[in-house]
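Shown next, in C-alpha cells, is the structure this report addresses.
Taken together, the values in this text are just the output of simple stated rules run on the coordinates, not laboratory data. Because the structure is a prediction, the values reported are computed rather than measured. Glycine also receives a Cβ, built like all others from the backbone with ideal geometry; neighbour counts cover every protein chain displayed.
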Amino acid sequence: MMMMMMMGRRVRVLCCFTTFTYLYIYSLVVALPTIPDGDHHLLLPGAGQSFKIALFADLHFGEAASTDWGPLQDVNSLRVMSTVLDHEIPDFVIYLGDVITANNIAIKNASLYWDQAISPTRARGIPWASVFGNHDDAAFEWPMEWFSGPGIPEIRCPVANSSCSGEEDCSFKGTHRLELMKNEIALSSLSYSRYGPKELWPSVSNYVLQVSSSNNPGSPVAFLYFLDSGGGSYPEVLSSGQAEWFRRKALEINPDSRVPELIFWHIPSRAYKKAAPRFGIHKPCVGSINKERVATQDAENGIMKLLAERVSVKAIFVGHNHGLDWCCPYKKLWLCFARHTGYGGYGNWARGARIIEITQQPFSIKSWIRMEDGSVHSELVLSP
C-alpha cells in the first residue's frame, strides 16, 4: 500500500505538466505585452567613439544546485563576469545561451537562477539582451542518486535559492522559453530581449536591435540579429521559417545591405565544421583553444545560404562548445565562438568572454577575448 501511495504521488507530480501544458503555454501567450520596435535602439556614445559589447556564454547557473559544488560554481561565474565588466566597461551585454541548466533545477521557477546570472550586469546599470541555448528550458532530469534507496524516490526541493513551500511547488515542470523571457523583460527596463514573432514559436528569441549614433538616432550604424537555435524543449535547429523571417526583416530595414549586420545564436551551424581549423589554430583563423570537435545543429534549413550571400553580414557568434574560442573566415563573413564564461558545464579551460567593439568614424568592427585573470588575447578586425 505504501508503495502504491508513493507511486501515485510521483504520477501526480509528473502528469501535472502533461495535463496542463497547452493551457499553461496559452496563458503565457495571452499575457505577453507588445514591445514596439522603436524602444529597442542602442546608441553609440558619439562620433568617433566605440560601442562595446561583452558576450557571456554557457553560464549554466543552477547546475547541480542540490550539491556543494553547484552553488560554488555560480559564485565563480559571477566573479568572472564581474572581472570582465570592470575591465571592459561595455555598453551592452549579450547572454549567448545556456544561461541556466534547467535539467538540474528542481524548483518551480528557473527564472530565479536566470536572475542571478544577469545580476552583475544589472547591478552596473548596463543594458543586455539574451538568446536561448539547449539547456535553458530542458526538462528536469531525475538525478540517479535519488534512486539509490528502495522504491520511488521522495520529492526533493532545495531550500536555498528557492520559493518552494510545498510539494506542488516542487513539481519540476520546467520553466519554458516564453516564461523565462517574460520574467527577464519584467525584471528591468535594462533588458532589450524580445519574445520574437508568434509565428516562429516555440522558437522565441528571434529579434533585431539597431545600433545608432547618438547624434542621429534615426540613422543605423549596425544591426544585431538574435536567433533561437533550439534545443531543450524542441530540436536543435534554425528552421526555414526563421530563415524566411530574417530574409524579410533584412529587406525591410536594410534593403541595400548598406548597414553592417552581426548575428548571434547559441548552437553552431554546420558551416562551422567546414571552417574549423585542424590541429591547432592557424591563420587566417584567430583564437587560443581548439580542444574539441564542433557540435552542430541537427539540420541546415537555409539560414547560412542567406547570410553568406548578404555582403552586409560581417560575423556570426555562437557558444555551445566550451573548448573552442576561435574565429575563422567562411566565404565573405567570419564564424566566431565566444569564450566559455561560466563555471557550470563541462571543461576546465580558463574562463573569459568575447568582446566586440563597433566604431562609427572610421567604421570598424573589432573583437578580442578578455580572460578571468584580466588578460587579453585573440584580437582581430572583423570589418574595416
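Here the calculated FRET efficiency for residue 256 and residue 364, from their Cβ-Cβ distance with R0 = 25 Å, stands at 0.75, rounded to the nearest 0.05.
Which of 251, 178, 306, 262 comes first, and how do the rest follow, when ranked by fewest Cβ neighbours within 10 Å? Show your work: numbers first, answer last.
On the way: 251 11, 178 21, 306 14, 262 27.
With the sparsest Cβ surroundings first, the list reads 251, 306, 178, 262.
On full extension, the segment bounded by residue 299 and residue 188 gains 36.4 nm, given 0.36 nm per residue less the C-alpha separation.
Amide H to amide H, with H built 1.01 Å from N, residue 364 comes under 5 Å of 359, counting only residues 5 or more places away or on other chains.
Converting phi to 3J(HN,Hα) with the Karplus coefficients 6.51, -1.76 and 1.60 and the offset θ = phi - 60°, region 294-303 yields 5, 9, 9, 4, 6, 7, 10, 10, x, 5 Hz in sequence order, with x at every glycine or proline.
Within straight-line reach of residue 273, meaning a Cα separation under 25 Å, sit the following lysines at least 8 residues removed in sequence or on another chain: 283, 291, 305, 314, 331, 332, 366.
Give me 213, 364, 219, 148 sorted ascending by neighbouring Cβ count inside 10 Å, so fewest comes first. Show your work: numbers first, answer last.
Values: 213 19, 364 15, 219 11, 148 8.
By the 10 Å Cβ count, ascending, the order reads 148, 219, 364, 213.
Taking θ as phi - 60° and the Karplus parameters 6.51, -1.76 and 1.60, the scalar couplings of region 258-274 work out to 6, 8, x, 10, 10, 10, 10, 8, 9, 8, x, 7, 5, 4, 4, 5, 5 Hz in sequence order, x denoting glycine and proline. Excluding residue 378 itself, what net charge comes from residues whose Cβ is under 14 Å from its Cβ, given Lys and Arg +1 and Asp and Glu -1? Counting the neighbours of residue 378, the net charge comes to +2.
Residue by residue through region 194-207, which ³J(HN,Hα) values in whole Hz follow from phi under the Karplus form 6.51 cos²θ - 1.76 cosθ + 1.60 (θ = phi - 60°), with glycine and proline marked x? For region 194-207, the Karplus-derived couplings read 10, 7, x, x, 4, 5, 9, 5, x, 6, 9, 7, 10, 6 Hz, x marking Gly and Pro.
Here 320, 176 are placed in order of increasing Cβ neighbour count within 10 Å, fewest first, which gives 176, 320. Modelled this way, with points 7 Å down the Cα-to-C-beta line, the labels at residue 43 and residue 383 are 2.2 nm from one another.
Once backbone amide H atoms are built at 1.01 Å from N, residue 334 has 315, 316 as its partners under 5 Å, excluding neighbours fewer than 5 places away on the same chain. For residue 42, the amide hydrogen comes within under 5 Å of the amide hydrogens of 210, 211, 212, counting only partners 5 or more places away or on other chains and with H modelled in the peptide plane.
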